1. Of all helices (runs of 4 or more DSSP H) completely enclosed by segment 110-189, which ones contain at least 3 residues that are under 17 Å from the mean Cα position of the chain (by Cα) and farther than 16 Å from Ala90 by Cβ?
2. Quickly run through segment 52-72 and pick out the residues that are assigned to a strand (DSSP E or B), hydroxyl-bearing (Ser, Thr, Tyr) and either in contact (Cβ under 8 Å) with a residue 60 or more places away in the chain or out of contact with any Leu (no Cβ under 8 Å at 6 or more places or on another chain) (or both).
3. How many residues does segment 122-149 contain that are surrounded by fewer than 18 Cβ atoms within 10 Å (Cβ to Cβ), of a type in the set (D, E, K, R) and in contact (Cβ under 8 Å) with a residue 24 or more places away in the chain?
4. Within segment 34-61, can you find the residues that are touching a strand residue (DSSP E or B) at 6+ places or on another chain (Cβ under 8 Å) and on the phi > 0 side of the Ramachandran plot?
5. Among the residues of segment 73-101, which ones are assigned to a helix (DSSP H, G or I) and crowded, with 22+ Cβ neighbours inside 10 Å?
6. Check whether at least one residue in segment 13-32 is surrounded by fewer than 21 Cβ atoms within 10 Å (Cβ to Cβ), outside any strand (DSSP E or B) and either under 17 Å from the mean Cα position of the chain (by Cα) or touching a residue at least 24 places away in the same chain (Cβ under 8 Å) (or both), and report yes or no.
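Rule-based calculations on the coordinates, nothing more; no lab input. Values in this document were obtained by computation on a predicted structure and should not be read as measured data. Don't worry about glycine lacking a Cβ; one is built from the backbone with ideal geometry, like all the others, and counts go over all protein chains shown.
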Amino acid sequence: MARLILEKLAKVYQARDGETVQAVKDLSLEVADRELLVLAGPSGSGKTTTLRLIAGLEEPSGGTISMDGRIINNLKPHERDVAMVFQSDALFPHLNARDNLALGLRLRKVAKPEIARRVEEAAELLEIAPCLNRFPGELSGGERRRVALGRALVRRPKLFLLDEPLANLDAPLRLRMRELIERLHAQVGATMIMVTHDESDACGHRVFKLTKP
């Protein structure tokens, strides 16, 4: 899959009042190939911003992002082979679950039989096969979260970025989602970074703690 290295990564925003806001400061870490790293810390510590920098959705103010020995700072998001699952799920409300899963592959002009095969495989792995013809508004919070995970899974990226995948779920569903992520990591053999506020979500995986800059 992927080995990721961040070296002195920084992100500074310009506030409306003209002052600067340091979202990420001199962050250095290494994620081993096929590792699931848990990125933990309080609100404002730069967890989500770090994921967005890795995904290419934000431009670093300093430092480097390397994947498999190659600096990817200047690569566009679609060139990085990275899939990010957002905390908001970000599903298209006018598309059913099947089409939400397939959309990214269609945009990449993947052949229809291959799209169908990948969607079915992801649906079986994430236990959402019965939901494929339903729209996001007809799905539970846990089902929507799994569809969002499946949308990333079908792309078969080198690196998965999970932004608070367990947030806003009740305790039983949170435990079930944690088990699904564990199974996804084990079966796919993917490199993953998972953001959380709660270190108990780590389940024995390495935790990298962020503090407010």
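1. Result: 171-188.
2. Ser66, the sole residue that qualifies.
3. Final tally of qualifying residues: 2.
4. The answer is Arg34, Gly41, Gly46, Gly56.
5. Of everything in segment 73-101, those that are assigned to a helix (DSSP H, G or I) and crowded, with 22+ Cβ neighbours inside 10 Å turn out to be Ala97, Asn100, Leu101.
6. Yes, the conditions are met somewhere in segment 13-32.
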